[in-house]
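The values are calculated or read from the model by the stated rules, or taken from the named source; none is laboratory data. Just so you know, these numbers come straight off a predicted model, no measurement behind them. As a convention, Cβ positions derive from the backbone with ideal geometry for all residues, glycine included, and neighbour counts pool all protein chains shown.
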Amino acid sequence: MDGILCVNKPEGFTSFDVIAKMRGIARCKKIGHGGTLDPMATGVLPLYFGAATRAVDMVPGQKKEYRATFLLGQTTDTLDRTGTLLETRPVRVGRAEVLALLPRFTGEQEQLPPMYSAVSVGGRRLYDLARQGIEVERKPRRITVEELELLDGEGDSYTLRILCSKGTYVRSLVSDLGEALGCGAVLTDLVRTRSGPYALKDCITLEEAQAKREELASLLLPVETAFAHLPALSLSAHFARLFANGVRLRAEQVGSPQPGEYRVFGPDGFLGVALQDGGQLRIKRLFLGGR
């Protein structure tokens, strides 16, 4: 079983809980995932089966889109509704103030990862330290919020659409926004609506996967879909055979593609990902067989 299946992660499950469940459903041990989601969050979690797991380390930089609902006037230790309440404050702002603040949190920026996160400091996960009541210094990370749109809200509850880079903590974004408004904020609901090329409409639930376990292999997407953002390059049978055998091809032999990464296809389908650099096309990863 080789390919990609997008699962709508249920609330309360870690990403690895979903993998463990799917291993039992699919009777497949070799499964990886394409981006961690907090237990509270739901939404798009791409799962990579069999040979497709070789793509996992090649796609972590893809953009993510979220629908996030937050509540003003509260702060918690986890920055979301699952944590211990630390403080309540009066809310003296409304929709207009929230809207006016969004441009400040759009674009490239530094973000401090939350203590309750999987980031490692000194070889230890921050969430392990946080559970022991230990807070350590963290280094800000460079993130990009490409789009930040107010979808709904009034009073003390609002919903945003967020298109952002890998590594963005929506909990931290909401907390920072609440501090800028002077009243604090906690994340109350989070749905990942897109991860790279995969959208919520492409997902199935674990219950649906269980019901369709005998036909699950037919539901897998080809591994090439993970690289839909790359331009395609088609090779003749002769050059496809050379490419698959690890031969570096001269750019002029294969249509003179511009420098950069490509999805490479032969007459029989997807071959892999290649890089044109210095006038040569070389393999980055082979995926023979199309899935």
Kindly list, by first and then second residue, each pair from a residue in segment 220-231 that is within 13 Å of Tyr48 (Cβ to Cβ) to a residue that is assigned to a helix (DSSP H, G or I), limited to pairs with Cβ atoms under 7 Å and residues at least 6 apart or on different chains.
Val223/Ala52; Val223/Ala55; Ala226/Ala55
Considering (1) under 24 Å from Asp57 (Cβ atoms); (2) among the hydrophobic types (A, V, I, L, M, F, W, C); (3) surrounded by fewer than 18 Cβ atoms within 10 Å (Cβ to Cβ); (4) not assigned by TED's automatic domain parsing to the domain that holds Asp277, say which one Ala244 fails and leave the rest.
(4)
Test Phe13 against the stated conditions and say whether it is under 23 Å from the mean Cα position of the chain (by Cα), assigned to a strand (DSSP E or B), more than 14 Å from Ala226 (Cα to Cα) and not aliphatic (A, V, I, L, M).
no
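Checking the condition modelled with pLDDT of 95 or more, more than 30 Å from Met1 (Cα to Cα) and in a helix (DSSP H, G or I), which residue from Ala209, Ala180 passes? If you could, list the steps in order and put the result at the bottom.
Numbers: Ala209 fails: more than 30 Å from Met1 (Cα to Cα).
So the residue among Ala209, Ala180 that is modelled with pLDDT of 95 or more, more than 30 Å from Met1 (Cα to Cα) and in a helix (DSSP H, G or I) is Ala180.
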Filter result for Gly272 (buried (at least 21 other Cβ atoms within 10 Å of the Cβ) and on the phi > 0 side of the Ramachandran plot)
yes
State all residues of segment 232-241 that are surrounded by 18 or more Cβ atoms within 10 Å (Cβ to Cβ) and part of a strand (DSSP E or B); if no residue qualifies, say none.
Leu233
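Being over 30 Å from Leu288 (Cβ atoms) and at pLDDT below 95 is the requirement here; does Leu112 meet it? Can you show your working first?
Values: over 30 Å from Leu288 (Cβ atoms): yes; at pLDDT below 95: yes.
So Leu112 passes the test.
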What's the number of the only condition in (1) modelled with pLDDT under 95; (2) surrounded by 15 or more Cβ atoms within 10 Å (Cβ to Cβ); (3) on the phi > 0 side of the Ramachandran plot that Gly255 fails to meet?
(2)
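Of everything in segment 60-93, what is of a type in the set (A, V, I, L, M, F, W, C), outside any loop (DSSP other than H, G, I, E, B) and more than 30 Å from Tyr48 (Cα to Cα)? Give them in sequence order.
Step one: filter segment 60-93 for residues of a type in the set (A, V, I, L, M, F, W, C), giving 68, 70-72, 79, 85-86, 91, 93.
Now drop any that are not outside any loop (DSSP other than H, G, I, E, B), which leaves 68, 70-72, 85-86.
Phe70, Leu71, Leu72, Leu85, Leu86 - these are the residues of segment 60-93 that are of a type in the set (A, V, I, L, M, F, W, C), outside any loop (DSSP other than H, G, I, E, B) and more than 30 Å from Tyr48 (Cα to Cα).
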Are any of the residues in segment 94-109 outside any helix (DSSP H, G or I) and more than 22 Å from Arg192 (Cβ to Cβ)?
yes
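For every residue, the table says whether it meets (1) under 16 Å from Ala185 (Cβ atoms); (2) surrounded by fewer than 20 Cβ atoms within 10 Å (Cβ to Cβ); (3) in contact with a Cys (Cβ under 7 Å, 6 or more places away or on another chain).
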{"site": "Cys6", "(1), (2), (3)": "no, no, yes"}
{"site": "Thr14", "(1), (2), (3)": "no, yes, no"}
{"site": "Ala20", "(1), (2), (3)": "no, yes, no"}
{"site": "Cys28", "(1), (2), (3)": "no, yes, no"}
{"site": "Thr36", "(1), (2), (3)": "no, yes, no"}
{"site": "Val44", "(1), (2), (3)": "no, no, yes"}
{"site": "Lys64", "(1), (2), (3)": "no, no, yes"}
{"site": "Thr82", "(1), (2), (3)": "yes, yes, no"}
I'm told Ser256 meets every condition in (1) hydroxyl-bearing (Ser, Thr, Tyr); (2) assigned by TED's automatic domain parsing to the domain that holds Gln109; (3) more than 25 Å from the chain's Cα centre (by Cα) except one. Can you identify the failing condition by its number?
(2)
